[in-house]
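In what follows, a structure is listed as structure tokens, so that the remarks can point back to it.
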Amino acid sequence: MQQDGFLRHTSERVYKECTGVFGLFRRTITKYLNYLVKSLPVSPDPFTLDRTIQKLTERHTLSLKNEKEKNVLGSFVQQNMDDLRNCALGTEQDRDTFRQEIIDAIKGALDSLDRDCRPDDPSAPVVCYTCCPENYDSHLPDQKSALITAIGYEPDILVILDAYFIQINRIREDVSLVTADKTHILNNRKKIEETLPGITIREPGSFFTG
């Protein structure tokens with residue numbers, strides 16, 4: 001998203017999904033950090049610190065009923081363990097500062113999304129198209145049927161068909177659909193590209209090779 005030289009497009013469906021994901025992330029991580037800061041010992045033992053954080057994380061995870069929240073929390077802790085250690089070893093003020101920095105970073109991501117992703121504005125950093133159908137039963141029935149057979153998960157199929165609909169009706173040239181979803185999209189790259197000519201499935205890391 002930060003590289004120069006690319007035209008970026010999305011659908012209203014994907015934009016709403018992104019805002020929902022960021023919102024879920026903000027709520028889940030804010031609750032977790034509030035709990036962690038309140039529950040950590042004043043002077044934790046550095047030699048058992050990882051286990052202390054893991055136990056507190058496991059205890060908090062048990063209070064979450066939503067699997068998406070559990071996945072968000074597990075990913076956050078795994079990717080930010082070094083920062084969580086430093087937070088635990090710091091002063092009370094250090095912990096509060098760390099908590100606020102994370103909350104501000106999430107808010108910044110939401111603000112950036114709203115600022116950059118503008119409906120049907122060709123001058124926007126990300127053009128958000130509002131023309132995509134709610135479903136594709138009557139618009140692209142053959143393509144949807146083929147993808148249902150191959151993938152079997154309709155929410156991601158609708159995202160893929162949004163890309164194809166925008167490509168054939170608005171952009172009218174080849175499009176790269178960039179995703180980190182291995183389960184439903186990257187692992188089915190060949191079938192998707194065969195079904196939707198002009199669409200190339202790419203993962204974010206492919207833009208950094210070489």
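The values are calculated or read from the model by the stated rules, or taken from the named source; none is laboratory data. Being a predicted model, the structure only gives us computed values, none of them experimental. As a convention, Cβ positions derive from the backbone with ideal geometry for all residues, glycine included, and neighbour counts pool all protein chains shown. Just so you know, the surface numbers come from the protein's heavy atoms only, side chains and all, with ligands and any DNA or RNA stripped out. Shrake-Rupley method; radii C 1.70, N 1.55, O 1.52, S 1.80 Å.
Filtering region 61-92 down to residues that are open to solvent by less than 70 Å² (accessible area, probe 1.4 Å) and hydroxyl-bearing (Ser, Thr, Tyr), which residue is modelled with the lowest pLDDT?
SER75
How many residues, within region 177-210, are among the hydroxyl-bearing types (Ser, Thr, Tyr) and at pLDDT 95 or above?
So the count comes out to 2.
From (1) surrounded by fewer than 14 Cβ atoms within 10 Å (Cβ to Cβ); (2) touching a helix residue (DSSP H, G or I) at 6+ places or on another chain (Cβ under 7 Å); (3) at pLDDT 90 or above, pick out the condition that doesn't hold for ASP120.
Checking ASP120 against (1) surrounded by fewer than 14 Cβ atoms within 10 Å (Cβ to Cβ); (2) touching a helix residue (DSSP H, G or I) at 6+ places or on another chain (Cβ under 7 Å); (3) at pLDDT 90 or above, the one that fails is (2).
Can you find even one residue in region 184-195 that is assigned to a loop (DSSP other than H, G, I, E, B), surrounded by fewer than 17 Cβ atoms within 10 Å (Cβ to Cβ) and among the acidic types (Asp, Glu)?
Taking region 184-195 first, the residues assigned to a loop (DSSP other than H, G, I, E, B) are 184-185.
Next cut, surrounded by fewer than 17 Cβ atoms within 10 Å (Cβ to Cβ) only: none.
Taking every residue of region 184-195 in turn, none turns out to be assigned to a loop (DSSP other than H, G, I, E, B), surrounded by fewer than 17 Cβ atoms within 10 Å (Cβ to Cβ) and among the acidic types (Asp, Glu).
Within region 174-191, restricting attention to residues that are of a type in the set (A, V, I, L, M) and touching a Phe, Trp or Tyr at 6+ places or on another chain (Cβ under 9 Å), which residue is farthest from LEU140 (Cα to Cα)?
Out of the qualifying residues, it is VAL178.
Listed here are the residues, each with its yes/no results for (1) farther than 30 Å from SER43 by Cα; (2) in contact with a Gly (Cβ under 9 Å, 6 or more places away or on another chain); (3) of a type in the set (A, V, I, L, M).
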| site | (1), (2), (3) |
| --- | --- |
| GLY90 | no, no, no |
| LEU110 | yes, yes, yes |
| ARG115 | yes, no, no |
| ASP121 | yes, no, no |
| LEU147 | yes, no, yes |
| VAL178 | yes, no, yes |
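Take the residues in region 40-60 that are open to solvent by 40 Å² or more (accessible area, probe 1.4 Å) and either among the hydroxyl-bearing types (Ser, Thr, Tyr) or touching a strand residue (DSSP E or B) at 6+ places or on another chain (Cβ under 9 Å) (or both), then tell me which one is nearest to GLY90 (Cα to Cα).
Filtering first and then ranking leaves SER43.
Among the residues of region 40-87, write down those that are within 19 Å of THR28 (Cβ to Cβ) and over 26 Å from the mean Cα position of the chain (by Cα).
LEU40, LYS55
Cβ-Cβ distance below 7 Å, separation of 6 or more or different chains: which pairs start in region 161-174 with a residue that is at pLDDT 95 or above and end on one that is hydrophobic (A, V, I, L, M, F, W, C) and in a helix (DSSP H, G or I)?
ASP162/VAL14
Within region 123-164, restricting attention to residues that are aromatic (Phe, Trp, Tyr) and surrounded by 17 or more Cβ atoms within 10 Å (Cβ to Cβ), which residue is farthest from ASN187 (Cα to Cα)?
TYR129
Checking ILE103 against (1) of a type in the set (Val, Ile, Thr); (2) modelled with pLDDT of 90 or more; (3) farther than 22 Å from VAL178 by Cα, only one condition comes out false. Which one?
Status for ILE103: all satisfied but (2).
What pairs come out if I take residues in region 175-191 that are touching a residue at least 12 places away in the same chain (Cβ under 8 Å) and pair them with residues that are of a type in the set (Gly, Ala, Ser) and open to solvent by less than 80 Å² (accessible area, probe 1.4 Å) whose C-beta lies under 7 Å away, six or more apart or interchain?
Going by the 7 Å Cβ cut-off, the qualifying pairs are VAL175/ALA163; VAL175/GLY198; LEU177/ALA163; ASN188/ALA150; LYS191/ALA150.
Which helices (runs of 4 or more DSSP H) does region 1-98 wholly contain that include 3 or more residues that are of a type outside the set (Gly, Ala, Ser) and within 30 Å of TYR164 (Cβ to Cβ)? Explain how you work it out, then say what you get.
Details: elements: 12-39, 49-62, 67-79, 81-89.
Here the list reads 12-39, 67-79.
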